[in-house]
1. Picking from Thr74, Thr123, Thr80, which residue would you name as being within 17 Å of the chain's Cα centre (by Cα), over 13 Å from Ala10 (Cα atoms) and touching a residue at least 60 places away in the same chain (Cβ under 8 Å)?
2. Can Leu113 be described as modelled with pLDDT of 95 or more and surrounded by fewer than 20 Cβ atoms within 10 Å (Cβ to Cβ)?
3. Tell me which of these Gly96 doesn't satisfy, since it passes every other one: (1) under 24 Å from Arg33 (Cα atoms); (2) in contact (Cβ under 8 Å) with a residue 60 or more places away in the chain; (3) outside any helix (DSSP H, G or I).
4. Provide a single number: the residues in the range 31-87 that are in a helix (DSSP H, G or I) and in contact with a Gly (Cβ under 6 Å, 6 or more places away or on another chain).
5. Looking at Ala55, Ala86, Ala93, can you tell me which residue is of a type in the set (A, V, I, L, M, F, W, C), buried (at least 16 other Cβ atoms within 10 Å of the Cβ), touching a helix residue (DSSP H, G or I) at 6+ places or on another chain (Cβ under 9 Å) and more than 15 Å from Ala23 (Cα to Cα)?
6. Can you tell me which of Asp99, Asp76 is of a type in the set (Asp, Glu) and closer than 24 Å to Leu165 by Cα?
7. Restricting to the range 129-143, name every residue that is surrounded by fewer than 18 Cβ atoms within 10 Å (Cβ to Cβ) and assigned to a helix (DSSP H, G or I).
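The values are calculated or read from the model by the stated rules, or taken from the named source; none is laboratory data. If you're wondering where the values come from, they're calculated on a predicted model, not measured in any experiment. When we count neighbours, we look across all protein chains shown, and the Cβ atoms used for this are built from the backbone with ideal geometry, even at glycine.
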Amino acid sequence: MNLISTLALAMGSSWVSGIRLYAAVATLGLLGRFAHLTLPGELAILTNWWIIGIASGLFVIEFFVDKIPYLDSTWDVIHTFIRIPAGAVLAAAAFGDFDRKVQIVALLLGGGLAFSAHGTKATARAAVNLSPEPFSNVVVSLIEDVIAIISIVLAFLLPIVMIILVTGFVVLSFFLLPKIFRLVRGGFRRVNRAT
């Protein structure tokens, strides 16, 4: 794999891990196993049946948990300690054929991408949970599922597009996150005043 393809897959998988880690791992494994797409570096381990099976099982659990208001936020809090380190590891593993210094940089940047995606997702979902009707939560969750799977496929098929999209998302999240955070804080204040 060339540098651009490896970079796109490292960025895409670490970014998606901040949103749907198990979908990212299962999709990478399935694409490597059935579509015979070459996974860069040390990511080839994801084609192992045990890894595909466990990641798929956890994705099914997450799929349903993430549709339930407030339970999804609890899941996100717990997964703060799983998604971000996993995103860092995925990025570093993608650069497994490169020098150790490059792998360390990939680890740090991958963790940052996972943190950016996870922070924006968790904060946005907390804002959606303040909505009185439950359907918006399900719709947003389904959109996240689709984005996660399509992003991994896109990293393989159109690597430059994926690099641009992830970079654009990170820039956008720096602008949106404070606004979403204020919205959530204001919503909690309104809920506290009403009770």
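1. Every option except Thr123 fails the conditions.
2. So Leu113 does not fit the description; no.
3. That leaves (2) as the condition not met.
4. 7
5. After ruling out the rest, the residue left standing is Ala93.
6. Of Asp99, Asp76, the one residue that is of a type in the set (Asp, Glu) and closer than 24 Å to Leu165 by Cα is Asp76.
7. Correct list: Phe135, Ser136, Val138, Val139, Leu142, Ile143.
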